[in-house]
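In what follows, a single structure is set out as structure tokens and then discussed.
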Amino acid sequence: MTLHMTKTQKLLRIMGNNMVPILFLVICAFGIPLSGYSANFLASEIVIRISRNSFLIVSLLIPILAGMGLNFGMTLGAMAGQIGLILISDWGIVGIPGIILAMIISTPISVLLGWWCGKILNMARGREMVTSYIIGFFMNGIYQLVVLYGMGAVIPVRSNALLLPRGYGIRNTVNLIGIRRALDDLLLIRLFGIPIPLATLLVITVLCLFILWFKKTKLGQDMRAVGQDMEVARAAGIKVEHTRIISIVISTVFAGYGMILYLQNIGTLNTYNSHMQIGMFSVAALLVGGASVSKANIRNVFLGVILFHLMFIISPMAGKNLIGQAQLGEYFRVFVSYGVITISLVLYEVRKKRDQHYVGLQLAADQEALQ
Amino acid sequence: MNLQQLTSSAKGLVKSFGLPRIIIGLFLLSLFITAPFVGVNIGTSLSDTFNRFGMNAVMVLAMVPMIHSGCGLNFGLPLGIIAGLLGATISLQVNIPGPTSFLLAILFATPFAVILGWGYGQLLNRVKGGEMMIATYVGFSSVAFMCIMWLLLPFSNPTMVWGYSGTGLRTTISTEGYYRHVLNDFLSIQLTDHLTIPTGMLLFFALLACIIWAFLHTKTGTAMTAVGSNSVFARASGINVDKIRTLSVIMSTWLGAIGILVYQQSFGFIQLYMGPFYMALPAVSAILIGGASVNKASILNVVIGTFLFQGIVTMTPSVMNSMIHTDMSEVIRIVVSNGMILYALTRKAEVTR
Amino acid sequence: MKLALTRTFWFRFVAILIILVFAVVLFFIGKQHTVLIDNKTVTVGGQEIRALQLVEIQIDNKDSMELAARDRDKEDVTGQKHSVTVIYTDSNWEEYTIERTFEVPLMQEMVLLSIPTLVANPEADQSLWLENYEPPTYAVTAADREEEVIIDDLSVLLTDI
């Protein structure tokens, strides 16, 4: 009897810990038949979304390891990636060399921005997330200053296809025709009629292996220690501030690469919007995959991409078939994206408080036992 | 000796006033000084600034109770705005024209503000320490949720719903014929052709500000301040911390609701759907520019901050445009407002609480 | 900050240098050029060279194309060194094949390759039949109008990702 009870309890606990993915499974289970999409269509869409988004989401993992929460400052990396893409488009470098060159250009910018972001987050300890969020907004202003007023005026950009007619500033949309699907089409195979971009998936696999390897290195272990307890880590001789900055730098650089891969798949760059949306959607997808603010792994990334984007694809159609308004579905998915982040943040804080409470009780009990 | 005294007192002044505030103040002053030389009418500018001040001041005031009780900056202002929007739309649905509709809107908004604020307060009590991030996302998700509701709720006043389908509210609804400019035009003073002072709106703000000021000096008000400055001490002296915090959140939410109503009556339109999405950020940065910090704010901060922030927002486009023929005001606004929030979030002395 | 000339420093220095060299190499091999292939009657050095009636052109290993007299086509290529294969028949229905390699200067976005000139002087220097081409500016400005820049953060929320 007692054994049975604990089994139920166990099940309940697993359910409680995976509430968000389960909720999404339910939404998708109801939504797929409502939307009326074929399995083949959905599968090929999911493959596209995995190859498009997972690199960006993986870039969020390392700051979580270092205990800095969800790095909303990944938009900084996205901006750096976009600057790289604008420059190679202007120079007319195409194909795989263009993508690699854009990555090389984005790297120093990402490192600089990430280092600055890490410095500021060190000053705002305890509220890294809201600070990184505001940093994203702040840098958006600087990005606009550079791209809308600097490019063509201070930074040489000559192409008429990129510049606004007034002679400086980049247009709203930049056509990335030269690198469009360059990596995806490098090794494209069809499986049951579903196109699978092997080269992109290979790059993502390499990144995942890197993350797994990185967690085992000295630096990775240091980050884990800093993430668990900053003071203990400091006492153990780890340079806490430095480690935290490095984690943000790595995240920013990867976010820049991820943005370049993302845009080579899409093929057009929305100069003033693309980077802002990417932070929110990546964070939401990671959380949907069952990650929390303090714990995330690669499994969460892929589960998250699949579930989140499934919801994203089906909801307009489901809304249209259910109520007769596609717009309703669009609002619904925005609501769900934000709702998921809210729920995950609340759950994390509540659990943290409960754990602290438990530790306090334990301490009191120990003291009593001593007396 | 005099010089020394002067410099030290100047340093003290800078310290008490805060360097960013002085820079922003000087920037605004320089804008006002250059304005006449580049052909911008100073009367129009001042009049615009007063108008915008009145429109936004109540929403900035909505920051005060939550900062006082230690809930941090109210990034969840959109929740209050939604209560206001519900009040506004219901008032228009009841369809009583004229200034009465404004009172009705306040009346209808109040229960929503109290209920939403109460729930929001309960939530924030469970997440002490992480309020700001969660507040941001509570605001966002509630706005997105209401987007769905605006489409579905059974409103029927033809001025509000989409003409062709007859259901679902429009994205912008005119308050013409209802409460447009009821406060603006009340006792308004026309000084010159270009300079009008919206007395009614300013008086309304002054009234609310006085109420809040008076409240903060009552027993409950001082308890709120105590909770904000040291919650452990407050608990020890027998204050129900959670209850006080909830009260402060309800007050902030209600002020947010009133704030958007004041905004609408001057602006002339009710903005639904994604309209309230980013309304928290300007209000947050305004109070920070006024000298508030993450856990300290006064009515004076609200007045100074709103004036400086709205002054810059009004003055930069016109002055910049006539000076260099490019409108960089948007970039300046983004950098100044978010820079100010960053500055406040990273100040060491404020973190310890 | 004092620069410490340790082993680590030199490793990093060399690594950065290699990446920079690599970037330059990428610039060279990834640069896109448009080759305009022209089969028109031209005058070179006061001498008229008539267009060919029908000619088959292949650039590198891309699909070959057929050009009649006065035709013009284009091919996008990346990198500098390319080959061109021209197959044509003369008035006696005898088939000739000319194969030449040419090098596009790095900073020229568009080059014009004149087939009749190449056929007439198959051994000549490439500068005779390959020249830089600047697209006429009116073609660009005519389509241009002032564009409103949208920096609205909210529009992003409802777009597809």
Residues of region A:294-349 satisfying the condition of being in a loop (DSSP other than H, G, I, E, B) and either modelled with pLDDT of 85 or more or in contact with a strand residue (DSSP E or B) (Cβ under 8 Å, 6 or more places away or on another chain) (or both): A:SER294, A:LYS295, A:ALA296, A:ASN297
Hey, A:PRO108 within 14 Å of chain C (Cβ to nearest Cβ), more than 21 Å from A:LEU183 (Cβ to Cβ) and not β-branched (Val, Ile, Thr) or not: yes
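Going by the conditions given, is B:LEU151 assigned to a helix (DSSP H, G or I), away from chain A (no Cβ under 12 Å) and in contact with a helix residue (DSSP H, G or I) (Cβ under 8 Å, 6 or more places away or on another chain)? Full working, then the answer.
Working: assigned to a helix (DSSP H, G or I): yes; away from chain A (no Cβ under 12 Å): no; in contact with a helix residue (DSSP H, G or I) (Cβ under 8 Å, 6 or more places away or on another chain): yes.
So B:LEU151 fails the test.
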Any hit, region B:316-323, residues being closer than 21 Å to B:ILE22 by Cβ, among the polar types (S, T, N, Q), at the interface with chain A (Cβ under 10 Å from one of its Cβ atoms) and part of a helix (DSSP H, G or I): no
Test: B:TYR178 is in contact with a helix residue (DSSP H, G or I) (Cβ under 6 Å, 6 or more places away or on another chain) and either more than 13 Å from chain A (Cβ to nearest Cβ) or at positive phi (or both): yes
Wholly enclosed helices (runs of 4 or more DSSP H) of region B:8-70 bearing at least 2 residues surrounded by 21 or more Cβ atoms within 10 Å (Cβ to Cβ), at negative phi and touching a Pro at 6+ places or on another chain (Cβ under 9 Å): B:42-61
Those residues of region A:52-94 which are surrounded by fewer than 24 Cβ atoms within 10 Å (Cβ to Cβ), of a type in the set (Gly, Ala, Ser) and touching a helix residue (DSSP H, G or I) at 6+ places or on another chain (Cβ under 6 Å), in sequence order: A:GLY67
Selection from region A:260-286 of residues that are buried (at least 24 other Cβ atoms within 10 Å of the Cβ), at the interface with chain C (Cβ under 10 Å from one of its Cβ atoms) and within 14 Å of A:HIS309 (Cβ to Cβ): A:ILE278, A:SER282, A:ALA285
Where B:LEU261 falls short, out of the listed (1) touching a Leu at 6+ places or on another chain (Cβ under 8 Å); (2) assigned to a helix (DSSP H, G or I): (1)
Within region B:324-345, considering residues that are within 18 Å of the chain's Cα centre (by Cα), hydrophobic (A, V, I, L, M, F, W, C) and more than 7 Å from chain A (Cβ to nearest Cβ), the one nearest to A:LEU145 (Cα to Cα): B:VAL336
Residue within region A:288-306 that is in contact (Cβ under 8 Å) with a residue 12 or more places away in the chain and at positive phi present: yes
Meets criteria (assigned to a helix (DSSP H, G or I), more than 20 Å from the chain's Cα centre (by Cα) and within 20 Å of B:SER337 (Cα to Cα)) for A:GLY141: yes
Among the candidates C:GLU48, C:GLU95, C:GLU56, residue that is exposed (fewer than 13 other Cβ atoms within 10 Å of the Cβ) and in contact with a strand residue (DSSP E or B) (Cβ under 7 Å, 6 or more places away or on another chain): C:GLU95
Qualifying residue in region A:8-26 (condition: within 24 Å of A:GLN327 (Cβ to Cβ) and touching a His at 6+ places or on another chain (Cβ under 6 Å)): no
Given (1) over 30 Å from A:GLN327 (Cβ atoms); (2) touching a His at 6+ places or on another chain (Cβ under 9 Å), number of the condition B:ASP193 does not satisfy: (2)
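Could you count how many residues in region A:31-74 are out of contact with any Cys (no Cβ under 9 Å at 6 or more places or on another chain) and either free of Cβ contacts under 8 Å to residues at least 40 places away in the same chain or under 27 Å from A:THR131 (Cα atoms) (or both)? Explain how you work it out, then say what you get.
Residues of region A:31-74 that are out of contact with any Cys (no Cβ under 9 Å at 6 or more places or on another chain), as a first pass: A:31-53, A:55-57, A:59-70, A:72, A:74.
Still in the list and also either free of Cβ contacts under 8 Å to residues at least 40 places away in the same chain or under 27 Å from A:THR131 (Cα atoms) (or both): A:33, A:38-39, A:41, A:53, A:55-57, A:59-70, A:72, A:74.
Summing the residues that are out of contact with any Cys (no Cβ under 9 Å at 6 or more places or on another chain) and either free of Cβ contacts under 8 Å to residues at least 40 places away in the same chain or under 27 Å from A:THR131 (Cα atoms) (or both) in region A:31-74 gives 22.
Please verify whether B:LEU169 is surrounded by 21 or more Cβ atoms within 10 Å (Cβ to Cβ), in contact (Cβ under 8 Å) with a residue 24 or more places away in the chain and within 14 Å of another protein chain (Cβ to nearest Cβ), treating the condition exactly as stated.
Details: surrounded by 21 or more Cβ atoms within 10 Å (Cβ to Cβ): yes; in contact (Cβ under 8 Å) with a residue 24 or more places away in the chain: yes; within 14 Å of another protein chain (Cβ to nearest Cβ): yes.
It is true that B:LEU169 is surrounded by 21 or more Cβ atoms within 10 Å (Cβ to Cβ), in contact (Cβ under 8 Å) with a residue 24 or more places away in the chain and within 14 Å of another protein chain (Cβ to nearest Cβ).
Can you say whether B:ALA144 is away from chain A (no Cβ under 14 Å), among the small types (Gly, Ala, Ser) and not in a strand (DSSP E or B), as far as the supplied structure shows? Lay out the reasoning, then the answer.
Details: away from chain A (no Cβ under 14 Å): no; among the small types (Gly, Ala, Ser): yes; not in a strand (DSSP E or B): yes.
So B:ALA144 does not fit the description; no.
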Some residue of region A:101-124 being crowded, with 19+ Cβ neighbours inside 10 Å and at pLDDT below 90: yes
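Could you list, in sequence order, all residues of region B:156-198 that are part of a strand (DSSP E or B) and among the aliphatic types (A, V, I, L, M)? Let's see the steps before the verdict.
Going through region B:156-198, the residues part of a strand (DSSP E or B) turn out to be B:161, B:169, B:172-174, B:189-190, B:196-197.
Matches in region B:156-198: B:VAL161, B:LEU169, B:ILE173, B:ILE189, B:ILE197.
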Residue list for region C:29-83, restricted to those being free of Cβ contacts under 8 Å to residues at least 12 places away in the same chain and either of a type in the set (Val, Ile, Thr) or not in a loop (DSSP other than H, G, I, E, B) (or both): C:THR43, C:GLN47, C:GLU48
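For (1) over 12 Å from the mean Cα position of the chain (by Cα); (2) more than 14 Å from every other protein chain (Cβ to nearest Cβ); (3) assigned to a loop (DSSP other than H, G, I, E, B), each residue gets a yes or a no:
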position: B:PHE277; (1), (2), (3): yes, no, yes
position: B:SER285; (1), (2), (3): no, no, no
position: B:GLY291; (1), (2), (3): yes, yes, yes
position: B:LEU300; (1), (2), (3): yes, yes, no
position: B:ILE304; (1), (2), (3): yes, yes, no
position: B:THR314; (1), (2), (3): yes, yes, no
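Every residue, every condition in (1) among the hydroxyl-bearing types (Ser, Thr, Tyr); (2) closer than 30 Å to A:LEU164 by Cα; (3) touching a Gly at 6+ places or on another chain (Cβ under 8 Å), yes or no:
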position	(1), (2), (3)
A:LEU198	no, no, no
A:ARG224	no, no, no
A:GLY227	no, no, yes
A:GLY237	no, no, no
A:LEU263	no, yes, yes
A:SER274	yes, yes, no
A:VAL283	no, no, no
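Can you tell me which of A:TYR143, A:TYR149, A:TYR168 is touching a His at 6+ places or on another chain (Cβ under 9 Å) and either hydroxyl-bearing (Ser, Thr, Tyr) or away from chain B (no Cβ under 14 Å) (or both)?
On the way: A:TYR149 fails: touching a His at 6+ places or on another chain (Cβ under 9 Å); A:TYR168 fails: touching a His at 6+ places or on another chain (Cβ under 9 Å).
Result: A:TYR143 is the single residue among A:TYR143, A:TYR149, A:TYR168 that is touching a His at 6+ places or on another chain (Cβ under 9 Å) and either hydroxyl-bearing (Ser, Thr, Tyr) or away from chain B (no Cβ under 14 Å) (or both).
The values are calculated or read from the model by the stated rules, or taken from the named source; none is laboratory data. The model shown is predicted, which means the values in this text are computed figures rather than measured ones. Note: ideal-geometry Cβ built from the backbone for every residue, glycine included; neighbour counts use all protein chains shown.
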